[in-house]
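This report refers to the structure that appears directly beneath it.
The values are calculated or read from the model by the stated rules, or taken from the named source; none is laboratory data. This one's a predicted model, so the numbers in the text were calculated from it and none came from an experiment. For neighbour counting, all protein chains shown are included, and Cβ atoms are generated from backbone atoms with ideal geometry for every residue, glycine included. Quick note on the areas: whole protein, heavy atoms, side chains included, nothing else; ligands and nucleic acids left out. Shrake-Rupley method; radii C 1.70, N 1.55, O 1.52, S 1.80 Å.
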Amino acid sequence: MKSHINYKLYTVCMIQDEDKVLLIDRQHDYFKGYIPPGGKVDFPEGIVESAI
């Protein structure tokens, strides 16, 4: 029996300036709330490239 594993990579960037932290107020889908910026890594893109 063959099994297929599907991997997905995501980035999350924590950006801080003294006592302030950058967050996104996400209110448009099933995951509402404040989240750090980031997103999906698209092949062949690297993790650092995706974060930038």
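One table, with the values for the structure above:
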quantity	calculated
Cα centre as origin, Lys/Arg/Asp/Glu Cβ charges: the chain dipole, Debye	420
3J(HN,Hα) from dihedral phi, segment 4-21, Karplus parametrisation 6.51/-1.76/1.60, rounded to Hz, x for glycine, proline	10, 10, 10, 9, 10, 10, 9, 10, 9, 10, 9, 10, 10, 10, 6, 9, 10, 10
Sequence-separation-based contact order of the chain, relative, with Cα cut under 8 Å and 6+ spacing, percent	36
Binned Cα-Cα distance frequencies in the chain - 10 Å width, integer %	21, 36, 31, 9, 3, 0
Carbon and sulfur %, accessible surface of the chain computed with the full protein complex present, 1.4 Å	58
Per-pair calculated FRET efficiency, R0 = 30 Å: residue 51 and residue 2 via Cβ, rounded to 0.05	0.35
Per-residue ³J(HN,Hα) for segment 37-52, Karplus 6.51 cos²θ - 1.76 cosθ + 1.60, θ = phi - 60°, Hz, x for Gly and Pro	x, x, x, 6, 8, 9, 4, x, 4, x, 5, 5, 4, 5, 5, 5
15 Å Cα-Cα reach of residue 40 towards aspartates and glutamates, excluding residues that sit fewer than 8 places from it in its own chain	49
